[in-house]
1. Quick one: would you say Ala291 is assigned by TED's automatic domain parsing to the domain that holds Ser140, closer than 23 Å to Leu143 by Cα, out of contact with any Phe, Trp or Tyr (no Cβ under 9 Å at 6 or more places or on another chain) and not charged (D, E, K, R)?
2. Pick out the one residue from Lys125, Lys139 that is among the basic types (Lys, Arg), buried (at least 19 other Cβ atoms within 10 Å of the Cβ) and assigned by TED's automatic domain parsing to the domain that holds Leu204.
3. Quick check on my filter: what residues within the range 245-290 are touching an Asp or Glu at 6+ places or on another chain (Cβ under 8 Å) and modelled with pLDDT under 95?
4. Could you tell me how many of the residues in the range 257-286 are buried (at least 19 other Cβ atoms within 10 Å of the Cβ) and within 16 Å of Ala237 (Cβ to Cβ)?
5. Among the listed residues Pro200, Pro170, which satisfies the condition of being more than 26 Å from Thr233 (Cα to Cα) and either in contact (Cβ under 8 Å) with a residue 60 or more places away in the chain or surrounded by 16 or more Cβ atoms within 10 Å (Cβ to Cβ) (or both)?
6. Would you pick out the residues in the range 231-248 that are in contact with a strand residue (DSSP E or B) (Cβ under 8 Å, 6 or more places away or on another chain) and either crowded, with 21+ Cβ neighbours inside 10 Å or in a loop (DSSP other than H, G, I, E, B) (or both)?
7. When you scan the range 85-104, do you find a residue that is in contact with a helix residue (DSSP H, G or I) (Cβ under 6 Å, 6 or more places away or on another chain), in a helix (DSSP H, G or I) and closer than 22 Å to Pro273 by Cβ, even just one?
8. Output yes when any residue across the range 206-216 is among the hydroxyl-bearing types (Ser, Thr, Tyr), part of a helix (DSSP H, G or I), in contact (Cβ under 8 Å) with a residue 24 or more places away in the chain and in contact with a Ser or Thr (Cβ under 8 Å, 6 or more places away or on another chain), and no when none is.
Amino acid sequence: MSIVETLSTITQQGASDIFIVAGRELTYKMNGRMFTMGEGRLMPSDCAQLISEIYALADNRDMTRLTEFGDDDFSFAIKGVARFRINAYKQRGSLSAVIRVITFHIPQPQELGIPDKIISLAERKKGLVLITGPAGSGKSTTLACMVDHINQTRESHIITLEDPLEYLHPHKKSIVSQREVISDTESYLTALRASLRQSPDVILLGEMRDSDTISVAMTAAETGHLVLSTLHTVGAANTIERIIDAFPPNQQHQIYIQLSMVLQAVVSQQLLPTVDGGIVPAFEIMTLNPAIRTNIREKKIQSIDSVIDTSSQEGMISMNTSLLNLLKEGRISEKTAFAFTTNAENLTNKIYYANRNSGDAPAAPPKPEKKGILW
């Protein structure tokens, strides 16, 4: 079976990721579970052959970067099948690759369970909006839905800076300039600085990787642009701390002040396994009100979670409330809820009071066991 047939077959199964690693059958991930294809384990020569075929599909991309440096990121498409984002790498002396499957069409937010209040964040005209979460939690897809919303509703110039390009955005009401790091520009930082001279209204920055990039992104947000970006954090408070910690101590005071002014919202998302074998997203949404801006400016980051918890009337929701809602709906198990929480004690109390209101709670909330797991 050719690599095109293989990728087509696996994509039709609904896979999200494909793994080419020596010593294991060709493997793909679907709904958080691993499945294998074929009967034999891949040998190093098999992996090298498959990856060479992939490079040929990607317009005969040069393999020098992979062979010399041991890593390479790129994307390509198979007509009528899908787009694919590739990370090729060396492990134990042999070539390997992980392939992310990306649909040609940009999904509808409702199909993915993305709330309207998240998409509406794209309607802001300036400031910094962050989509955060662990790797593979759907951050890029959420950003693509937000960009598509702008593209359909506003006359703007949208510049996306990605490594590599994932979803392709046709020009609709907006002009969409999509730039890929390495192929189109030297680095995120170089492209971000250049974007400020390209009359942007919206800048999508694939990832804020270092203090220089974060600093330019905040400056862009401060000067009247809407900046959308990601961080690999869970929770608004953790996100703010990660940004601050990227800077040396002598700059952090100024960053607290600047961030309190330019930050507009932080969305944290996780993908959870459901009781019926599927996956479902859970979201934390923090928008900046005067209380949160004051907490950031005064470095009281530990107080932010309680503000989110008590600001549901402003459209905010904590991760634990999202987990509780999914638990009450019967979509996830209690074990899953505690596996994905960052505050087990708080979740324990939420479950207790929810049960008490329904008459099912004990006299007092139980103390969470080690790691907050109640099973």
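The values are calculated or read from the model by the stated rules, or taken from the named source; none is laboratory data. Source: prediction; values computed, not measured. All Cβ positions, even for glycine, are placed from backbone atoms using ideal geometry, and neighbour counts span all protein chains on display.
1. Criteria not met by Ala291.
2. Going through Lys125, Lys139 in turn, just one is among the basic types (Lys, Arg), buried (at least 19 other Cβ atoms within 10 Å of the Cβ) and assigned by TED's automatic domain parsing to the domain that holds Leu204: Lys139.
3. Matches in the range 245-290: none.
4. Of the residues in that region, 12 qualify.
5. Pro200 is the lone residue from the list that is more than 26 Å from Thr233 (Cα to Cα) and either in contact (Cβ under 8 Å) with a residue 60 or more places away in the chain or surrounded by 16 or more Cβ atoms within 10 Å (Cβ to Cβ) (or both).
6. Within the range 231-248, Leu231, His232, Thr233, Val234, Gly235, Ala236, Thr239, Ile240, Ile243 qualify.
7. no
8. No - not one qualifying residue is present in the range 206-216.
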